[in-house]
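Below is one structure, written out as structure tokens; the observations come after it.
The values are calculated or read from the model by the stated rules, or taken from the named source; none is laboratory data. Quantities reported herein were computed from a predicted structural model and do not represent experimental measurements. Don't worry about glycine lacking a Cβ; one is built from the backbone with ideal geometry, like all the others, and counts go over all protein chains shown. Ligands, DNA and RNA are excluded from the accessible area calculation, which covers all protein heavy atoms including side chains. Shrake-Rupley method; radii C 1.70, N 1.55, O 1.52, S 1.80 Å.
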Amino acid sequence: MSAHDPALESRALQSLGQSGAAIYAAAVDALRRRSARGAVVDVGCGTGRLNTLLGDVATSYIGVDAVRHDGFPAAAPFLAADLNCDPIPVADGSADIAVSLETIEHLENPRAFCRELVRITRPGGWLLVTTPNQRSLVSLGALVLKEHFSAFRDGSYPAHQTALLDTDLRRIAAENGLQDISITFTGEGRIPLTGAFYPPWLSRALPRTLSDNVLLLARKPPTSPSR
């Protein structure tokens, strides 16, 4: 890892190391629907909560983050890395599933980061990335009224640096030659100007508009057969 950087540590700790329950549920559901299973590398792992939810999806688990958050499982392997500067510290093709929940928006170069996720994923393996949904009513309303997306207000900067649309995620996946690209939404979203959430049936009926987060799942092409 790069030399100790107090500013980096402060930004990393600002997130408290956890995502919302709907994000974890959507990620695990997406992997199960594709029958994904194997060695998981969780990049931007935070407290490692995903590890407790994967069940038989994960045959092994490694967490990677800028700092080891309180609550990260004592028995789970952890590797430190400044994801703005350092390569993800695992070997090429070592992950059957490379996961990064609510991390890409914290980084200066999302395309370079996704190339790293592709590098560490074995041929035929899966990449899963989530980020705030900039197309939600909450986010678009903030853009119109306050000139920033809702997750990118002044108080969230510089922890949140890079806003991406679902279109950007799809393009990045295609640029990396990924296959079976799918974009889904968490089906949970806040009602503008309130702390309340839409009824689940409504946010699931209009997921792009009423979900707070978006999920990319894509597959690295299998190795071409030998001749």
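Filtered by the rule that a residue be out of contact with any strand residue (DSSP E or B) (no Cβ under 8 Å at 6 or more places or on another chain) and open to solvent by 30 Å² or more (accessible area, probe 1.4 Å), region 177-187 gives a lone residue, GLY177.
Just one of the numbered conditions (1) crowded, with 24+ Cβ neighbours inside 10 Å; (2) closer than 15 Å to GLY44 by Cβ; (3) touching a strand residue (DSSP E or B) at 6+ places or on another chain (Cβ under 6 Å) is not true of THR121: (2).
Applying the selection to region 37-77, what residues are assigned to a loop (DSSP other than H, G, I, E, B), within 16 Å of TRP126 (Cα to Cα) and not hydrophobic (A, V, I, L, M, F, W, C)? I'd like the intermediate steps shown before the answer.
Kept after step one, since they are assigned to a loop (DSSP other than H, G, I, E, B), are these residues of region 37-77: 37, 44-48, 54, 66-77.
Narrowing further to those that are within 16 Å of TRP126 (Cα to Cα): 37, 54.
If the condition is that a residue be assigned to a loop (DSSP other than H, G, I, E, B), within 16 Å of TRP126 (Cα to Cα) and not hydrophobic (A, V, I, L, M, F, W, C), then ARG37 is the only one that fits.
One residue stands out in region 188-217 among those that are in a helix (DSSP H, G or I) and of a type in the set (A, V, I, L, M, F, W, C): the one that is most open to solvent (accessible area, probe 1.4 Å), namely TRP201. Inside region 108-138, can you point out the residues that are in contact (Cβ under 8 Å) with a residue 24 or more places away in the chain and assigned to a helix (DSSP H, G or I)? Result: PRO110, ARG111, PHE113, CYS114, ARG115, GLU116, LEU117, VAL118, ARG119, ILE120, LEU137, VAL138. Taken over region 78-89, residues that are assigned to a loop (DSSP other than H, G, I, E, B), open to solvent by 20 Å² or more (accessible area, probe 1.4 Å) and of a type outside the set (D, E, K, R) amount to 5.
Find the residue count for region 1-28, including only residues that are touching a strand residue (DSSP E or B) at 6+ places or on another chain (Cβ under 9 Å), of a type outside the set (A, V, I, L, M, F, W, C) and either open to solvent by 40 Å² or more (accessible area, probe 1.4 Å) or at pLDDT 95 or above (or both). Spell out how you get there, then give the answer.
Narrowing region 1-28 to residues touching a strand residue (DSSP E or B) at 6+ places or on another chain (Cβ under 9 Å): 1, 12, 17, 19-20, 22-24, 26-27.
Filter once more, keeping what is of a type outside the set (A, V, I, L, M, F, W, C): 17, 19-20, 24.
Still in the running and either open to solvent by 40 Å² or more (accessible area, probe 1.4 Å) or at pLDDT 95 or above (or both): 24.
Here the count works out to 1.
Looking at (1) among the hydrophobic types (A, V, I, L, M, F, W, C); (2) open to solvent by less than 20 Å² (accessible area, probe 1.4 Å); (3) farther than 21 Å from GLU188 by Cα, which is the one condition that is false for LEU54? It is condition (3) that LEU54 fails. Just name the residue that is nearest to LEU215 (Cα to Cα) out of those in region 152-176 that are open to solvent by 50 Å² or more (accessible area, probe 1.4 Å) and part of a helix (DSSP H, G or I). Filtering first and then ranking leaves ARG170.
Answer yes if at least one residue in region 218-226 is within 30 Å of ASP92 (Cβ to Cβ), buried (at least 19 other Cβ atoms within 10 Å of the Cβ) and of a type in the set (Gly, Ala, Ser), and no otherwise.
Residues of region 218-226 within 30 Å of ASP92 (Cβ to Cβ): 218-226.
The next check asks that each one be buried (at least 19 other Cβ atoms within 10 Å of the Cβ); those that pass are 218-220.
Within this subset, residues satisfying the condition of being of a type in the set (Gly, Ala, Ser) are 218.
Among the residues of region 218-226, at least one is within 30 Å of ASP92 (Cβ to Cβ), buried (at least 19 other Cβ atoms within 10 Å of the Cβ) and of a type in the set (Gly, Ala, Ser), which makes the answer yes.
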